[in-house]
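What follows is calculated from the coordinates using simple rules that are stated; it is not laboratory data. Note that this is a predicted model, so its numbers are computed, not measured.
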Amino acid sequence: MRWLLVFIVACLIFNGLQHWFSKLGLGRLPGDLRFRVGGRDWFVPITSSLVLSLIAGLISLVV
């Protein structure tokens, strides 16, 4: 249940920071989903979430 909540919060953060992340190349990876519902674009960053999690894990191992 905790992981589902973390994933939902991560999706909301990605939706809010989508423009900034697109400049870094995140959000265009295979496995990142984009769709339009009710006139609004939604973004589900599955692969980008995994990449950022791996980077955070590597940083936590080093520190």
Over the chain: helical MRE at 222 nm, DSSP H runs n ≥ 4 each giving -39500 (n - 2.57), nearest 500: -19500 deg cm²/dmol
Cut-off under 5 Å, modelled amide H: who pairs with Trp42 long-range: Phe35, Arg36, Val37
Gain in span if fully extended, Gln18 to Arg36, counting 0.36 nm per residue against the direct Cα distance: 5.0 nm
Stretchable slack from Ile46 to Ala10, in nm (0.36 nm times residue separation minus alpha-carbon distance): 12.0 nm
